[in-house]
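Heads up, the thing below is written out as structure tokens.
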Amino acid sequence: MKKALIVLTEAYADWEVSYVAAELAMSHGFEIDTVSLGESTVTSIGQLKTIVDYTIDNIKDPYDALIIIGGNNWSQIENEQLVQLIKTSLDNNIVVGAICAAVDFFARNGLLTGYKHTGNDLNQWTTEKNYKAYTNALDFMNEDSVVDKNLVTANGSSAVDFAFNVIRALGLLDYKEAEKQKYFYKSGYVSYKMKYGEIG
């Protein structure tokens with residue numbers, strides 16, 4: 001069984017994890033393992049308490065995707081273990097996804113170098129002193145979610161795009177089918193049926 005690791009921090013954005021976790025598990029047979037940066041339980045912005053499967057220093061290999069969810073605490077997070085986990089995953093051609101403020105962490109630690117990407121606030125990355133490791137602003141794409149090689153990025157409003165771009169990067173859907181699935185969740189069943197017909 002294929003496995004996705006999903007990193008959740010305290011005050012994580014619960015809506016950003018919902019589509020990607022559910023679709024990978026329900027439609028593609030993935031095992032979903034949640035990982036924290038040290039806590040045994042994390043609480044989302046919506047006050048959902050999550051008992052994680054393990055902490056970052058106890059990660060179980062192998063895994064097929066590493067997904068890092070945004071939240072309210074990323075501006076305060078510095079974690080070298082996470083930096084190394086992301087670097088190793090990218091170097092080993094594992095699909096890595098980051099959404100919302102988690103992409104800020106990538107920018108702050110130079111993890112977007114060599115990849116086209118998007119995120120919440122390019123101006124922040126290019127003007128604030130703690131983003132000196134961010135050196136490839138020309139690779140920023142003014143899009144809601146971007147796939148480049150094995151990295152998927154998205155801003156915080158784009159949980160649906162993010163989910164299906166991760167699934168597409170894993171080779172589980174082609175571009176056309178991924179766009180259909182995005183349309184279903186973003187436009188609703190009635191609009192989907194009028195455009196594509198019945199599901200299935």
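The values are calculated or read from the model by the stated rules, or taken from the named source; none is laboratory data. In this text the structure is predicted, and so the values were computed from the model without any measurement. Counting neighbours? That spans all protein chains shown, and the Cβs are built from the backbone with ideal geometry, glycine included. Protein only, heavy atoms only, side chains kept; ligands, DNA and RNA dropped before computing areas. Shrake-Rupley method; radii C 1.70, N 1.55, O 1.52, S 1.80 Å.
Values for this structure:
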item: Proximal charge balance of W125 [Cβ under 12 Å; K/R count +1, D/E count -1]; result: -1
item: Heavy-atom accessible area ranking, 1.4 Å probe, most first, across M26, M141; result: M26, M141
item: Fraction of antiparallel bridges per DSSP, the chain only, in percent to nearest 5; result: 30
item: GNM top mover of I99, I68, I86 - the chain, alpha-carbon springs below 10 Å; result: I86
item: Extension gain from N142 to T88, taking 0.36 nm per residue of separation minus the Cα-Cα distance; result: 16.7 nm
item: Hits among lysines - C-alpha to C-alpha of K186 under 17 Å, sequence gap 8 or more where chains match; result: K176, K195
item: Of all accessible heavy-atom area on the range 39-176, the percent that carbon and sulfur account for (1.4 Å); result: 46
item: Alpha carbon centroid spacing (whole Å) that separates the range 53-101 from the range 1-40; result: 11
item: Cut-off under 5 Å, modelled amide H: who pairs with V152 long-range; result: V96, G97, A98
item: Contour minus Cα-Cα distance for Q76 and E198 (0.36 nm per residue); result: 39.3 nm
item: With at most 16 neighbouring Cβ atoms within 10 Å, loop trypsin sites (Lys or Arg not before Pro) (DSSP) excluded, longest segment of the chain; result: 61-131
item: Prolate/oblate/rounded label for the range 15-79 (Cα gyration tensor, a/c 1.5); result: oblate
item: Computed helical MRE - 222 nm, the chain, DSSP H runs ≥ 4 contributing -39500 (n - 2.57), nearest 500; result: -11000 deg cm²/dmol
item: Distance-filtered residues of the range 53-82 - backbone nitrogen under 20 Å, label point 7 angstrom along D121 Cα→Cβ; result: 69-79
item: Lys/Arg +1, Asp/Glu -1 at C-beta; the range 88-200 dipole; positive extreme among L138, S187, F162; result: S187
item: Cα gyration tensor shape for the range 34-171, rounded if a/c is under 1.5, else prolate or oblate; result: rounded
item: Rounded accessible area of E177 (nearest 10 Å², 1.4 Å probe); result: 60
